[in-house]
């Protein structure tokens, strides 16, 4: 007997931001918007899209409002700045990835838990290359859709639809949020910047830090799972340490 699935638009769905990074085909942005509308999600963000006319994509059937209200950003850091949880998507393949990777069905449960507590970003990369290692550095962990090994890459619009379906289909099972909420991405980025300044002032890092090193430190900061109060306290301490080191 076929199980009926009728996604309900729940209040916590309003906290999800679907972020498309360097999307090449406007039709894929339209397809993603349509999938969002299908499952009750409204907040679309695009980072440096290749196609400037994506808001008129004909593939966004019934999702004109999602496209019309989509927000454009110049960087991933800006796009996820108000989110306490940032999750990327990857097909993995032959890439060497430093993050923890969850299968979609397990990751969806953690995403629902995150939505119960605050804003969440779900990132999708370009059709050709996916998310870069620099993009990954803004993520707490990654999700993969278990596809066939001989053809692991999915169409962008389809990938968005599958992920949102998995989140929406068991939304009533969302766990209770933690007692202390995680800090938004902009606060974590601020902490990372201050930490890098302190490491340079101490001589631990060179004046010009490589993108690889910055990404590694950003990942390490996110793994600390600090609360907002803790992050603000560390920012204050690191600033004082930096000031002291530069005066000596």
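All of the numbers you see were taken from the coordinates with simple rules; none came from a lab. Since the model is a prediction, treat every value here as computed from it, not as a measurement. Methodologically, a virtual Cβ is constructed for each residue, glycine included, from the backbone with ideal geometry; neighbour enumeration extends over all protein chains shown.
Observations on the structure shown:
- Mean residue ellipticity (222 nm) of the chain, computed from DSSP H runs ≥ 4 via -39,500 (n - 2.57), nearest 500: -13000 deg cm²/dmol
- Computed from Cα atoms, the angle from the helix 104-117 axis to the main principal axis of the chain rounds to 70 degrees.
- Between 0 and 90°, nearest 10: helix 185-202 axis offset from the chain longest Cα axis: 30 degrees
- Residues 149, 12 arranged by fewest to most Cβ contacts within 10 Å: 149, 12
- Between the range 102-160 and the range 182-211, the alpha-carbon centres lie 26 Å apart.
- Listed residues 143, 97, 235, most fluctuating in the chain (Gaussian network, C-alpha, under 10 Å): 97
- Burial ordering of 246, 55, 218, fewest other beta-carbon atoms within 10 Å first: 246, 55, 218
- Put in line by how crowded their Cβ is, counting other Cβ atoms within 10 Å and starting with the fewest, 193, 89, 207 read 207, 193, 89.
- For the pair residue 14 and residue 190, the difference between a 0.36 nm per residue extended length and the Cα-Cα distance amounts to 60.8 nm.
- Each of residue 230 and residue 211 was given a label point 7 Å from its Cα along the Cα-to-Cβ line. The distance between the two points is 3.1 nm.
- Degrees separating the helix 228-247 axis from the principal Cα axis of the chain, which is the longest one: 40 degrees
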